[in-house]
Amino acid sequence: MSAEDEVRKASAQFYAALNRMVDGDAGPLSDVWSYGPRVTAMHPIGGQQMGWAAVRASFGQIAALAPGGHVRLDDQYIEVGGELAYELGVERGETMPAEESITIEQRVTNIYRLETGEWRMVHHHTDISLAMAGIDWDVTG
């Protein structure tokens, strides 16, 4: 399998896990991410998370308020160079936080790193969604 095909497979695993998250279960995302202190995420809800603990917590907060939905990656473009790869595309779908249906259509950049023979996500960045940014995602307080 070519490196690009391996990254495409890692991407498919990430989007399968992301769909589980928008159905309320963030657990499978742990299977596709790197666990290092330098992983990062910039979600459509705003802000930035640095380090696996913060990234994992952010996905958990989103899952806690996401009773259903779906997301897919369209217009996928992958570039591989050595042990790093990036992916561009457009995420499309729907999510229903706070019992409100929100259409997803945002540009995305994902970065993967080859770790012990597996491509793991190290960065996820989407456009900000004004509809999503207006929701209180903090489920701790």
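Summary table below
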item	result
Residue (of A10, A26, L114) at the positive-pole extreme of the chain, dipole from beta-carbon charges	L114
Sum of -39500 (n - 2.57) over DSSP H runs of 4+, divided by residues of the chain (222 nm, nearest 500)	-8000 deg cm²/dmol
Once the Cα gyration tensor of the range 1-49 is diagonalised, semi-axes √(5λ) in Å	20, 15, 11
Rg in Å to one decimal, and Dmax rounded to a whole Å, for the chain via C-alpha atoms	14.3, 47
Selected from E99, E91, E118 as most flexible by GNM, with the chain as the system and alpha-carbon contacts under 10 Å	E99
Charge tally in the Cβ shell below 14 Å around R92, where Lys, Arg are +1 and Asp, Glu are -1, R92 excluded	-4
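Each value in this text was obtained by applying a stated rule to the coordinates, not by laboratory testing. All values derive from a computational prediction rather than experimental measurement. Because the Cβ atoms are built from the backbone with ideal geometry, glycine has one as well, and the counts that use them run over all protein chains shown.
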